[in-house]
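Below: one structure, written as structure tokens.
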Amino acid sequence: MLLAALEAMGRHPEIRRVRRTAMEALHPQPGARLLDAGSGAGDVSRWLATKVGTGGEVIALDQSAATIAAAVQQHDGSNVRYMTGDVSAMTLPTDSVDGVWCERVLQHVDNADAAIAELIRVTRPGGRICLIDTDWESLAFDGVPVRLAETVMTDVHGRLTPKQLDMGRTLRRRLVDAHLVNVTATPVTCLFADPASAAVVLPMVNPMVPADTWPTSPGVRDKWLAHVEAAGARGDFLAVLTIWVVAGTVA
């Protein structure tokens with residue numbers, strides 16, 4: 001289910017827009033050796049491989065052995081090497097890659113600064129690190145009752161969303177504090193104009209998310225989803241979420 005959700009998310013037009021912004025920020029060069037830290041099903045790794053060409057290499061690293069195995073099954077013959085590993089404690093040598101892509105990973109780790117330090121360690125001086133992450137506190141809805149939306153968002157934060165709610169907007173500060181240079185920060189506001197589109201990215205509007213995973217009071221989930229469905233039928237549903245793309249150069 002997780003892999004299917006990741007693949008559907010990767011196909012979503014708004015996530016593709018975020019990734020295009022990130023690719024421009026990373027600006028990988030032919031022949032480069034790149035790390036996709038937290039690679040999931042490997043779709044971004046294979047995309048990066050098209051940018052570095054036959055003379056380059058992409059290392060697709062994910063903590064889940066099952067996810068890496070699934071990514072290997074989808075391999076397209078491009079120059080991608082798959083491996084399991086923890087972004088906060090990698091076995092890669094120091095100064096071993098020319099650039100790093102890390103998408104929506106840091107919101108899940110216990111110590112984001114330690115993970116960033118590890119990404120910097122494996123990147124050679126002059127290499128570019130691109131971090132993409134969500135500001136869950138930016139999430140807002142329209143077309144549904146305001147107080148009910150506030151209740152749901154308060155209840156699900158840290159349960160249906162990661163505990164690091166503000167990760168996206170903190171990335172610029174973290175890279176500046178880590179002494180990276182030429183730091184750029186771009187907020188990408190994702191717009192979801194109907195519940196089906198939103199459900200691909202936002203679990204709190206997805207009726208397929210099992211009821212027993214919802215931390216809300218009895219009846220709140222069903223009431224909320226009914227209002228979401230009604231707003232979709234009327235055509236006035238709206239959800240917005242900001243995802244940050246932040247990149248910097250290792251000095």
*Test Ala41 against the criterion of being farther than 23 Å from Pro93 by Cβ, open to solvent by less than 70 Å² (accessible area, probe 1.4 Å), modelled with pLDDT under 95 and not in a helix (DSSP H, G or I), and give yes or no.*
yes
*Tell me which residues, restricted to region 44-65, are of a type in the set (A, V, I, L, M, F, W, C), free of Cβ contacts under 8 Å to residues at least 40 places away in the same chain and not in a strand (DSSP E or B).*
Trp47, Ala49, Val52, Ala65
*So which residues in region 96-154 are more than 18 Å from Glu14 (Cβ to Cβ) and of a type in the set (Lys, Arg), if there are any at all?*
Arg121, Arg124, Arg128, Arg147
*Leu92 being open to solvent by less than 70 Å² (accessible area, probe 1.4 Å), at pLDDT 95 or above, aliphatic (A, V, I, L, M) and part of a loop (DSSP other than H, G, I, E, B)*: yes
_Let me confirm something: among Arg147, Arg159, Arg174, which residue is in contact (Cβ under 8 Å) with a residue 40 or more places away in the chain, open to solvent by 50 Å² or more (accessible area, probe 1.4 Å) and out of contact with any Gly (no Cβ under 8 Å at 6 or more places or on another chain)?_
Arg159
*State whether the residues of region 146-169 include one that is assigned to a strand (DSSP E or B) and of a type in the set (Asp, Glu).*
no
*In region 174-214, what count of residues is obtained for those that are more than 22 Å from Val240 (Cα to Cα) and in contact with a helix residue (DSSP H, G or I) (Cβ under 8 Å, 6 or more places away or on another chain)?*
8
*Output yes when any residue across region 2-20 is modelled with pLDDT of 95 or more, within 16 Å of the chain's Cα centre (by Cα), surrounded by 15 or more Cβ atoms within 10 Å (Cβ to Cβ) and farther than 20 Å from Pro162 by Cβ, and no when none is.*
yes
*Those residues that are open to solvent by 50 Å² or more (accessible area, probe 1.4 Å) and either among the acidic types (Asp, Glu) or under 19 Å from Val18 (Cβ atoms) (or both), I need them from region 201-219; list them, please.*
Asp212
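The values are calculated or read from the model by the stated rules, or taken from the named source; none is laboratory data. All values derive from a computational prediction rather than experimental measurement. Positions of Cβ are generated from backbone atoms using ideal geometry, with glycine treated the same way; all protein chains shown enter the neighbour counts. Surface accessibility is based on the protein's heavy atoms, side chains included, excluding ligands, DNA and RNA. Shrake-Rupley method; radii C 1.70, N 1.55, O 1.52, S 1.80 Å.
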